Every structure is written in C-alpha cells, then in structure tokens.
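Notes follow once the structure below has been shown.
The values are calculated or read from the model by the stated rules, or taken from the named source; none is laboratory data. Quick caveat: nothing in here was measured; it's all calculated off a predicted structure. As a convention, Cβ positions derive from the backbone with ideal geometry for all residues, glycine included, and neighbour counts pool all protein chains shown. Note: accessible area is taken over every heavy atom of the protein model, side chains too, but ligands, DNA and RNA are not part of it. Shrake-Rupley method; radii C 1.70, N 1.55, O 1.52, S 1.80 Å.
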Amino acid sequence: MTRRRVVITGLGVVSPVGNTVDEAWESVKNGKCGIGPVTLFDSSRLDVKIAAEVKDFNIEQYGITSRAVRKMARFSKFCLAASAQAISDSGYTKETLQNEKCGVMIGCCIGGMDATSEGFKKLDDPAAGPSRMPPLTTPLMISNEAAANVNIYYGLKGFSWTLGTACASGTDALGLATDLIRSGRCDVCISGGTEAAITEFSIASFEALQALTATHNDCPQKASRPFDKDRDGFVLGEGSAIFMLEELEHAKARGAKIYAEVAGFGASCDAYHITAPLSDGSGAALAVKEAIEDAGLKPEDIQYYNAHGTSTHANDRGESAMLKSAFGEHAYKLHISSTKSMTGHLVGAAGAIEALFCVKAINDSFVPPTINLDNPDIEQGCDLDYTPHTGVKAEINAAASASLGFGGHNGCIIIKRYSE
C-alpha cells in the first residue's frame, strides 16, 4: 500500500527574533540576535541576567478577546497566536477548518511557569496564603492547556494531544503528527511546540545545574556560542512555532500552496543520564539514522542540518560526534548551523522553530549562520562546517533537524523540497 505523504501548507511563529515567519527568517538569515537583558522580572538576585524574550507581542491582534486572554498563561498565548498565523497562512478559516478531520499535536516541556511562579508567591506571602491563590493557577500552568486553547478557540473536536520529551518535544510532536496523518487518523494536523519559561524560578533552576551562561550579562548578543571553544552554557528563550501539516492529496484537492514535505521522523533514547547526553552521540545517531531511513533517503541526500547546538560543552561535543556517526564522511560536506545562537534555547519549542527554519532554508536556498563562532572547539571534535558568522547560498533539497533533550530523549525530522 502506498504510504500517505505529508506536506506543510501553513507556518506560524512567535519568537525572540520576530513574531511573523518573514520577520523571524529575515533575522536569522542576517545573523540578528534576539538575546538581551531580562525584562520580564527583576533578575537582580540571579547570576544570569539575560534571556531571549519575545518582544512586542500582542495576542489580541489575532482577534482573541481580552476575556479569553485572561484564561491563558504566556505559553498558551504564544501557541494560539502562532497557530492563528499557520491556519490563516494555509488558507483555512475557523469555519472551514471545523469541517476537516483535524487534530492538534503540540510539544511543550515546562508549561505555564509564569502561573506556577505567581501561585507560589501568593502561597508564600504571609499577607495572602492559600486562600488567596489565583483560582486559575492549575488550568494556566498545566502543559496541555496550549493545545486545548487552540481547540477551544477554533472549535476543533478531534484529538488534542501534548507531548513532553524535554527539549525534543517540538520535534517529536511534528513527527508523531506526521505519523497520525500517514495512518489516516487525520487529514490535517496543527502541530509544533511552545514554551514560555523565562521566570526567576526557571532561570535559578537552570543556574543550579550550571547549564546557563552567566559570563555575558554585559554583552548578551555574544552569549550563545555553539561549537565555540569559549562557550559555557545556553541562553533560555521562549516562543512558539506551529505548522499546518496536511495529507498531500487533500492539500492538492483544495489548491493549497505547499512549502515542503515532511519526509521522515526518527526517535531514540540514550538510556544513560537524566541531563547529560552520551559523549559519543550514539543515542542521538540512532534517531537521525531512523529518520533518514524513514524518508527513503541516504545520508548524502541531506544538504543542511539545523543543529540542536545549545552552546554547552556536553551537547556540542556529543552532537558533532553524532553527526559523524550518522552521516559518515558526508558530515564534513554538510551545511550545519545552530540558530540557537540567535534565538536562544526555546526548550519545548526549540525543535519546532528549527524545523521551520529548515523549511525556509529549502525555500530560499539559503543556510543561516551560527553567529559568535569565533574559535571552533577543534580539540573537542567540533571540526565540521557550522556556517560561522555569515549565512551562505546553497541548493537544499533535503534538510534535517535533530533535538536532544534531558532524559536522553532524541528526535529528528527530515524535511525535503516538495515535488510530484
């Protein structure tokens, strides 16, 4: 039986480098960094005083009422805004989408940390206490509420699922949504990732793990340095990227524009450590190899790889080893870049926005850069072509994006140029 093909017919994004697809893509193409001083709270008690925040965001521009907005945490607002963009971009309306066999599959790692933090403040305040807890704390903080709000706003009664696999959540959500369309469980799926975890509690927690860089508070745009010898941690980011995925024949029948095809997906677990990846990258390599096989491609058919590239010593060393394992000698011919050097780390939304940049790289035949890569860490095996400083023109027929999460969760998505 011929396998149903899955294509991308709509895109939406809210991010530290822009709140539309065009703005975000132009930013990363040109090496524009979205990292700056924390403004969402008073960071004076922290060593880390920088983050990649979403700026100039107004969800009400999408027609969402202020009453509805009050019932959403920040991560849900991002998701609904990016979904509204993707749905509109695909040519659907609220009314026409309700007639479709449509599901929602969203990746989210942390959930409504702003609501959680606010709840704890009330609980610990002697003048407030348990009786003054915000009544919507629970529905605002739980991670499934982003997907639920998309269903509620658009009146969609198909499945509404949330996937949490740490930093691989967005990638895995796209992969599972692809499989659901292939299986016939739906014809259309709103899928991607969302996260909004820039709070004092979150940054303090990551600080305690020594996962964040605390050495660039005076020059935030230099802070995220994937594969650079002087890297010392990631920068926490936030935002959402959403795709309208659709079965090919269904998309063609309604005359939809097609950005690209989701060709393959693979997933694995290191089964090793709750935070550290395998140093030889062997666990993540399994996911990449599976995705390439699922796409019916060979390693040399991939021209571009959007790296997880967190700017931590453990990740960048292990990911470089993984690429050599998964791609062999072709790893040295791959165009590679880490857009986290500009967006920061969007955690559960990271894989989704990086897959979106793969789509745009294919469409524009352009590889975005890894900024701040001044001294590649050759001694730790970071000796591949990471596209330092400036993006390059390149013919891209297929691109891969892998995400490597705490707990050893690995996911890889393969996107290729659409052709009949």
Quiz item: Which residue, of M133, M113, is in contact (Cβ under 8 Å) with a residue 60 or more places away in the chain and either over 26 Å from V6 (Cβ atoms) or of a type in the set (D, E) (or both)?
Solution: M113
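Just the residues that are among the small types (G, A, S) and surrounded by fewer than 24 Cβ atoms within 10 Å (Cβ to Cβ), please, taken from the range 157-196. Break it down stepwise before answering.
Narrowing the range 157-196 to residues among the small types (G, A, S): 158, 160, 164, 166, 168-170, 173, 175, 177, 183-184, 191-193, 196.
Of everything in the range 157-196, those that are among the small types (G, A, S) and surrounded by fewer than 24 Cβ atoms within 10 Å (Cβ to Cβ) turn out to be G158, S160, G164, A166, S183, G184.
Have a look at I396, I415, I336 and point out the one that is part of a strand (DSSP E or B) and in contact with a Phe, Trp or Tyr (Cβ under 7 Å, 6 or more places away or on another chain). Outline the logic, then answer.
Values: I396 fails: part of a strand (DSSP E or B); I415 fails: in contact with a Phe, Trp or Tyr (Cβ under 7 Å, 6 or more places away or on another chain).
Criteria check complete, one pass: I336.
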Exercise. Quick one: in the range 270-295, of everything that is in a helix (DSSP H, G or I) and among the β-branched types (V, I, T), which residue is nearest to N410 (Cα to Cα)?
Key: V288
Quiz item: What number of residues in the range 121-156 are within 21 Å of R74 (Cβ to Cβ) and either open to solvent by less than 60 Å² (accessible area, probe 1.4 Å) or of a type in the set (S, T, N, Q) (or both)?
Solution: 15
Quiz item: Of the residues that sit in the range 341-367 and are more than 13 Å from the chain's Cα centre (by Cα) and among the hydroxyl-bearing types (S, T, Y), which one is least open to solvent (accessible area, probe 1.4 Å)?
Solution: S341
Self-check item: Residues satisfying the stated conditions in the range 359-375, i.e. under 13 Å from N30 (Cα atoms), part of a loop (DSSP other than H, G, I, E, B) and among the hydrophobic types (A, V, I, L, M, F, W, C)
Solution: I371
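Are any residues in the range 5-36 in contact with a Leu (Cβ under 7 Å, 6 or more places away or on another chain) and outside any strand (DSSP E or B), and if so, which ones? Break it down stepwise before answering.
Within the range 5-36, the subset in contact with a Leu (Cβ under 7 Å, 6 or more places away or on another chain) is 5-8, 11, 13, 21.
Hits for the range 5-36 are R5, V21.
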Quiz item: Quick check: anything in the range 228-243 open to solvent by 40 Å² or more (accessible area, probe 1.4 Å) and touching an Asp or Glu at 6+ places or on another chain (Cβ under 6 Å)?
Solution: yes
Quiz item: Taking the range 250-283, which residues are small (G, A, S), open to solvent by 40 Å² or more (accessible area, probe 1.4 Å) and under 23 Å from A168 (Cβ atoms)?
Solution: A267, A271, S279, S282
Quiz item: Out of the range 368-408, which residues are surrounded by 24 or more Cβ atoms within 10 Å (Cβ to Cβ), within 20 Å of the chain's Cα centre (by Cα) and under 15 Å from T310 (Cα atoms)?
Solution: T370, I371, Y386, S401, A402, S403, L404, G405
Quiz item: Among the residues of the range 83-120, how many are of a type outside the set (V, I, T), crowded, with 16+ Cβ neighbours inside 10 Å and assigned to a helix (DSSP H, G or I)?
Solution: 12
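Determine which member of the set E249, E207 is out of contact with any helix residue (DSSP H, G or I) (no Cβ under 7 Å at 6 or more places or on another chain), part of a helix (DSSP H, G or I), within 28 Å of I142 (Cβ to Cβ) and not hydroxyl-bearing (S, T, Y). Outline the logic, then answer.
On the way: E249 fails: within 28 Å of I142 (Cβ to Cβ).
E207 is the lone residue from the list that is out of contact with any helix residue (DSSP H, G or I) (no Cβ under 7 Å at 6 or more places or on another chain), part of a helix (DSSP H, G or I), within 28 Å of I142 (Cβ to Cβ) and not hydroxyl-bearing (S, T, Y).
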